[in-house]
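Here's the structure we're looking at; comments come further down.
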Amino acid sequence: MASIPDDFKEILDRNRQGYKSMCASIDLLGMKDYLLEEPKEASARLNDLQKLPEALMFFPGGEQYRACFVGDSWFIVREVEPDADIKKLWPDFCGHMFALASFAHEIEVKIGNPGIRAVAAYGDVSPIIEPQIDLNPELKEQVSNWFSLTGADQAVVKCIKADSLGQDGGFKHKIFWHESLENEFTFLGSHLSPVSSSEYSRYNLYEWIFNQMMSNIVGTTRMKK
């Protein structure tokens, strides 16, 4: 009996209902004003900063993510298959993203910038009928980590909305906000703080980082559906 082609398997798998995703957005504070005041310097800095997703290789587990740099924000997505339990994966993901966000925040503050705001959310994924099926093989390799080629829509929308609401909408600056698993659209905030390289480079410590973060909640905000 002939085997099923890999491309066909991928289409069948991605067309299954029940996919979810976890998304984190890392927003650079003050970049819009900086672009107006010093456009050349700001553009050069953005060109450098868009490479941050490549730093995921230094964070064990990063190969599971898809990352994209848009404007003055990064978006990092991990898809969750229907058979997986997102509740078990969420602490590791949030701990991982807190470590990455704190790493970026520390760099920003050291060079005299306002810092960042980070948001982590989850949500359902729209099924993709033919994911990347017509892409040139060389192009497909170049964009293998682009979340925009997936259907991770609901979690991404929440992160974008939190960014647009900003400080006036309850999402204060220099805080890592993560969505409560018990209460969807409710976000818990913890101060971004330096995480030592001995901690953020060890995958088995991400849940521990999450627990530390949970023990230092400084605010709660509710997002309208």
Under 8 Å by Cβ, and 6 or more places apart or on different chains, what pairs join a residue from region 82-98 that is among the small types (Gly, Ala, Ser) with one that is buried (at least 19 other Cβ atoms within 10 Å of the Cβ)?
Gly95/Leu205; Gly95/Tyr206; Gly95/Ile209; Gly95/Phe210; Gly95/Met213
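Could you list, in sequence order, the residues of region 190-225 that are touching a Ser or Thr at 6+ places or on another chain (Cβ under 7 Å) and either at pLDDT 85 or above or within 19 Å of Lys87 (Cβ to Cβ) (or both)?
Kept after step one, since they are touching a Ser or Thr at 6+ places or on another chain (Cβ under 7 Å), are these residues of region 190-225: 192-195, 213, 216-218, 220, 222.
Scanning region 190-225 gives Leu192, Ser193, Met213, Asn216, Ile217, Val218, Thr220, Arg222.
Which of the residues spanning region 110-123 are out of contact with any His (no Cβ under 6 Å at 6 or more places or on another chain) and buried (at least 16 other Cβ atoms within 10 Å of the Cβ)? Spell out how you get there, then give the answer.
At the first step, the residues of region 110-123 found to be out of contact with any His (no Cβ under 6 Å at 6 or more places or on another chain) are 110-114, 118-119, 121-123.
Across region 110-123, the qualifying residues are Asn113, Pro114, Ala118, Val119, Ala121, Tyr122, Gly123.
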Some residue of region 136-154 being at pLDDT 90 or above and either in contact with a Leu (Cβ under 7 Å, 6 or more places away or on another chain) or not basic (Lys, Arg) (or both):
no
How about region 161-171: which of its residues are over 15 Å from Ser25 (Cβ atoms) and either small (Gly, Ala, Ser) or surrounded by 16 or more Cβ atoms within 10 Å (Cβ to Cβ) (or both)?
Gly170
For Ala99, the lone unmet condition from (1) at pLDDT below 90; (2) surrounded by 15 or more Cβ atoms within 10 Å (Cβ to Cβ); (3) among the hydrophobic types (A, V, I, L, M, F, W, C); (4) in a loop (DSSP other than H, G, I, E, B) is (4)
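The values are calculated or read from the model by the stated rules, or taken from the named source; none is laboratory data. Since the structure is predicted, the reported quantities are computational estimates derived from the model, not experimental observations. Using ideal geometry, Cβ is built from the backbone for each residue, glycine included, and neighbour counts are taken over all protein chains shown.
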